[in-house]
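These notes concern the structure reproduced below.
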Amino acid sequence: MKGMNKGETMLEIKDLHASVEGKEILKGISLKVNPGEVHAIMGPNGSGKSTLSQVLAGNPAYEVLSGEIRYRGEDLLEMEAFERARAGLFLGFQYPVEIPGVTNIYFLKNALNAIRESNGEAPLDAYEFNEYLLRRMDEVGMSHELTRRAVNSGFSGGEKKRNEILQLLVLNPRLAILDETDSGLDIDALKTVAGGVEKFRSSENGVILVTHYQRLLDFIPPDFVHVLIDGKIVLSGDSKLALELESKGYNWVKEEEYAG
Amino acid sequence: MPVDVIDYKKTRAGRLEQSGLPDTKTERWRKFDISAITGGLFQEAHISTLTKRPQDYRLWDQFCDRIDTVNGIPLLSEKRKAELSDRFDFDRNLDRLGEAGDERGSYFYDLNGSSLIDYTVLTVRKGPKGKPLYLPQHIEGAENSIRTNPRLLVILEPGAELELIQSFSSSGGGIVFHNSVTEIVMGADSRIDHLVLQEEGDSAHVFNHLYIKQLTGSRYHGRNLISGGNLSRNEYHIALKEENCEAEVDSLYLGKGERNHNSDITVYHDAPHCTSRTESRAVALDKGQGTFRGYARIARDAQKSDAVQQFKTILLDDTAEINMEPQLEIWADDVKCSHGATAGRLDPQQLFYLQTRGFTEEQARKVLLEAFASRLVDGLGMGEIGSLIREKISLLMEGLYE
Ligand SMILES: Nc1ncnc2c1ncn2[C@@H]1O[C@H](COP(=O)(O)OP(=O)(O)OP(=O)(O)O)[C@@H](O)[C@H]1O
Ligand SMILES: [Mg+2]
């Protein structure tokens, strides 16, 4: 993947409409993410946060009705899911998928090498990869034993979320969309997950955090907070907005919106 | 061949007439039209057509002990017997032919018995497990339609252990029909890992009848790879005769084109505290067909039986058809039995998840198919051959769409 010019927008979504199973869920979303920025997206259940994440990652189950998405100078909607991944777009799933019969280490090694090769880098051999992987596992406090287990199979909720962060660190993308990676974590796990995101954060990387809770944002202060309700971003602000939401709830936003 | 086999053949011939040829009106053969076999004229393979040792699996020779059977006749010289005599006897227990199978029988069992020209009785003594024993069954020089009736009886003495591999092959270009019967009698605390490879060509029919009789504490683990043949049938009859036996059967069928596979696995829980587990998997496309039937019968005295039957199918297109029929017959009241059957496409969620990590759709599909198929070789030992089988499965999955 060729490098971006400085100051270039990483992701730009313009008036995106998307549906699933014939039902329109996203009803006109616009959002711009620059390198180095952390955006938080908050919003009530069912408002379309995961739909947005899945559309960005290229899930064919979701249909884009209209709008435009540019990612690092390219038309994202023209790219297949694997091309997006190889171009540095990463989605941390709200519900990570179990893949029985495929070991975590096989999965991660082949994923990384597919991405490396498409970037013109030499693939890591088994030894190099193992070293590299164990260091990343230590960073997210994951037991080494989980490398031999099947991907997410029988993992606890917390282990699955850690595994998503592990993949983030192993694959080292440019834009990370983390869909409720903080949900269902105990406080220690939350800290390691936040630590992982903090490690990833840099002036070159962009982050979109989908979350319901201020507690993650305490660790990772966002540059922007957006409130998504019924498929639209109805309010955007800085990190103070998240605090306000926490104390007043979403009805307050809805009232504001209707009040104009 | 000992003289009393002549009596044995007569008895089976008598039974053959009684049992009658199965057809699709018979419940267990409902989805399996065998008129291609029963309608055609198959010659019995004749000794004179036996020429040379088959070429396949040469690579394996260094990792296993091998005895070829060609056209139903074991190539077992006195010299070869002597070489293998530290673990095996070949001249004992000849009178026990039929010990595991006679009780159940079936048309094709009796056809085998009544047509025998030779057979192998292998007695395995207790001792170090040694290399896997590889018994390929080959049909040679088949210009016309040829049927063979390979027959094997394996007797594991108490505490004996064996890794056994069987395969089917043919050369010559005619239509062949392997009508194979294998009996295994397992003494107390004996163990066997039994792998059957059926990779025959499109013009071969393979019927593989297995009769397993287990005594106290014995453990049977059968694995079956079916990636060839036209009409093929696997029949397992596993009788758990005494306490604390374990039986497992894993199978993997790759169904496409002209292949039609029929699998029928019956486990008879005749004694308490036994466990059985069967897992039948199939991947099918391009008009491939198959029927998988599982049947566990728990006798009245077989308390604390634990029987599990699993069927899993992945259909890769709309033209393939796989039927799955789990059945239980339970006469004891304190038992744990379950069965489940799933059929479907590759999981779109799993495909998508892999793609978001940089796998192309094709790679993702291959990863999932291989994962599905690899269940067959989970925990497979057999040394170097185990690794070769793993590679084989991987290649088979890669070539599935070709
Ligand atoms: N695959 C799907 N099939 C059918 N409906 C779907 C599918 N995915 C999402 N939806 C519907 O789209 C709407 C938005 O769902 P989405 O998962 O995007 O919400 P969310 O904001 O992420 O909610 P949560 O906070 O509960 O995770 C919901 O009404 C949901 O039922
Ligand atoms: Mg969601």
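All of the numbers you see were taken from the coordinates with simple rules; none came from a lab. From a predicted model like this one, the values you see are computed outputs, not experimental measurements. So basically every Cβ, Gly included, is an ideal-geometry build from the backbone, and we count neighbours across all protein chains shown.
The loop-placed trypsin sites (Lys or Arg not before Pro) in the range A:118-211, going by DSSP, that have at most 12 neighbouring Cβ atoms within 10 Å of their Cβ come out as A:ARG148.
The 3J(HN,Hα) values that the Karplus relation (6.51, -1.76, 1.60; θ = phi - 60°) gives for the range A:163-169 are, in residue order, 5, 5, 5, 4, 4, 4, 6 Hz. Gly and Pro appear as x.
Taking label positions 7 Å along the Cα-Cβ direction at both A:SER153 and B:LYS336, the computed distance is 2.0 nm, reported to one decimal. Of the GluC sites (Glu not before Pro) found in the range B:119-201, those that fall in a DSSP loop while having at most 14 other beta-carbon atoms within 10 Å are B:GLU143.
The simple Förster model, with R0 at 60 Å and r as the Cβ-Cβ distance, assigns B:GLU258 and A:SER236 a FRET efficiency of 0.45. Any idea what angle helix A:250-259 forms with the longest principal axis of chain A, computed on alpha-carbon atoms, 0 to 90 degrees, nearest 10? The two axes meet at around 40 degrees. Counted over the protein assembly as shown, the DSSP beta bridges are approximately 15% antiparallel. Relative to the current alpha-carbon distance between A:LYS23 and A:ASN130, full extension at 0.36 nm per residue lengthens the span by 34.1 nm.
Here, P(r) means the percent of Cα pairs in each 10 Å bin from 0 to the largest distance; for the range B:3-346 it is 6, 26, 35, 26, 7, 0.
Loop-located GluC sites (Glu not before Pro) in the range B:273-367 (DSSP state other than H, G, I, E, B) with a sparse environment of at most 13 neighbouring Cβ atoms within 10 Å are absent. Our note on the geometry: Cα centres of the range B:342-394 and the range B:254-317, 21 Å apart. Per the Debye calculation on chain A with a single equal scatterer at every Cα and no solvent contribution, log₁₀ I(q)/I(0) for q = 0.11 Å⁻¹ amounts to -0.60. Give the angle, between 0 and 90 degrees and rounded to the nearest 10, that separates the Cα long axis of helix A:239-248 from the longest principal axis of the Cα atoms of chain A. The two axes meet at around 70 degrees. Relative to the 2.2 N^0.38 Å rule of thumb, the protein assembly as shown has a C-alpha radius of gyration ratio of 1.18.
Farthest towards the positive end of the charge dipole of the range B:191-252, among the residues B:GLY217, B:ASN230, B:VAL196, is the Cα of B:GLY217, using unit charges on the Cβ of Lys, Arg, Asp and Glu.
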